[in-house]
Amino acid sequence: DSGVTQTPKHLITATGQRVTLRCSPRSGDLSVYWYQQSLDQGLQFLIHYYNGEERAKGNILERFSAQQFPDLHSELNLSSLELGDSALYFCASSVGGTAGVKTQYFGPGTRLLVL
Amino acid sequence: AQTVTQSQPEMSVQEAETVTLSCTYDTSESDYYLFWYKQPPSRQMILVIRQEAYKQQNATENRFSVNFQKAAKSFSLKISDSQLGDAAMYFCASENGNKLVFGAGTILRVKS
């Protein structure tokens, strides 16, 4: 158990819908990262938040957005869902932002299936 | 863009034997971290080992060790005394600022 929690574990929805994925980082970690794992794209970085502020964006679609709240949990919002958004979405956390310990610990992931 | 290459899509090893998984990376950074993660059928991403680029000594964690060749930008993972529980997908990753860049992964099969 990494100490990172993600809910829900599984999500089945329809095209055009909107979903919210939730992540709680390990105790003491200020950084939260979101990754998408799909069969065709592999593991891809989406976005990074540090202590409530967005620090870096990767291959995140405009239909996707995220935020980190004062209690440090994070939410990833996916809207206007398409079939191709079906994937495993991971949240990871680490202690530092741009400095400090760089090791990221991953949550169990949320499996999203868009029908 | 930073890239990580795992040239072995699949590897097999006999139980109790040793296997080495290859990884090469490309970075313009002078200080960075490298990682190996294991993804078993449960799909959980489990940290196996990490290496800090400024440290010349190769990292070791029990049966897992790395061969880090900074000049060659090579970062291989050696698993000794392989166990059935080692069967999984293994991902090599390099830390690039605020994100990890992953290779495509190597499926490791362990034969009893």
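The values are calculated or read from the model by the stated rules, or taken from the named source; none is laboratory data. A quick note: this is a predicted structure, and the numbers were derived from the prediction, not measured. In this analysis, Cβ positions are derived from the backbone assuming ideal geometry, glycine residues included, and neighbour counts consider all displayed protein chains.
Residues in the range A:58-111 that are under 12 Å from the mean Cα position of the chain (by Cα), part of a strand (DSSP E or B) and either within 11 Å of chain B (Cβ to nearest Cβ) or not acidic (Asp, Glu) (or both): 19 in all. Considering only residues in the range A:64-115 that are among the β-branched types (Val, Ile, Thr) and at pLDDT 95 or above, the one that is farthest from B:Cys92 (Cα to Cα) turns out to be A:Val114. Residues in the range B:74-85 include at least one that is among the acidic types (Asp, Glu) and touching a residue at least 40 places away in the same chain (Cβ under 8 Å).
Those strands (runs of 3 or more DSSP E) of the range A:2-55 in which at least 1 residues are touching a residue at least 12 places away in the same chain (Cβ under 8 Å), more than 10 Å from chain B (Cβ to nearest Cβ) and surrounded by fewer than 18 Cβ atoms within 10 Å (Cβ to Cβ), considering only elements entirely within it, cover A:5-7, A:10-13, A:19-24, A:31-38.
Any residue that is in contact with a Lys or Arg (Cβ under 8 Å, 6 or more places away or on another chain) and crowded, with 20+ Cβ neighbours inside 10 Å - is there at least one of those in the range B:96-104?
yes
Take the conditions free of Cβ contacts under 8 Å to residues at least 40 places away in the same chain, crowded, with 21+ Cβ neighbours inside 10 Å and not acidic (Asp, Glu) and apply them to A:Ala66. Does it pass? Here the answer is yes, as A:Ala66 does meet what is asked.
How about chain B: which strands (runs of 3 or more DSSP E) wholly inside it have at least 1 residues that are closer than 20 Å to A:Leu39 by Cβ and away from every other protein chain (no Cβ under 14 Å)? Here the list reads B:10-14, B:106-111. Inside the range A:71-92, residues that are touching a residue at least 60 places away in the same chain (Cβ under 8 Å) and buried (at least 17 other Cβ atoms within 10 Å of the Cβ) make up a count of 6.
Here is a yes/no grid of residues against (1) of a type outside the set (Gly, Ala, Ser); (2) over 19 Å from A:Gln44 (Cα atoms); (3) at pLDDT below 95:
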{"residue": "B:Thr24", "(1), (2), (3)": "yes, no, no"}
{"residue": "B:Ile49", "(1), (2), (3)": "yes, yes, no"}
{"residue": "B:Glu52", "(1), (2), (3)": "yes, yes, yes"}
{"residue": "B:Asn67", "(1), (2), (3)": "yes, yes, no"}
{"residue": "B:Phe75", "(1), (2), (3)": "yes, yes, no"}
{"residue": "B:Leu100", "(1), (2), (3)": "yes, no, yes"}
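Somewhere in the range B:7-19, is a residue at pLDDT 95 or above, under 29 Å from A:Gly3 (Cα atoms) and surrounded by 12 or more Cβ atoms within 10 Å (Cβ to Cβ)? No, because not a single residue in the range B:7-19 is at pLDDT 95 or above, under 29 Å from A:Gly3 (Cα atoms) and surrounded by 12 or more Cβ atoms within 10 Å (Cβ to Cβ).
B:Lys70 falls short of the stated requirement of being within 26 Å of A:Ala56 (Cα to Cα) and not aliphatic (A, V, I, L, M). For the range B:23-50, the set of residues classified as surrounded by fewer than 19 Cβ atoms within 10 Å (Cβ to Cβ) and either over 17 Å from B:Ser94 (Cβ atoms) or polar (S, T, N, Q) (or both) consists of B:Thr24, B:Thr27, B:Ser28, B:Ser30, B:Pro40, B:Pro41, B:Ser42, B:Arg43, B:Gln44, B:Ile46, listed by residue number.
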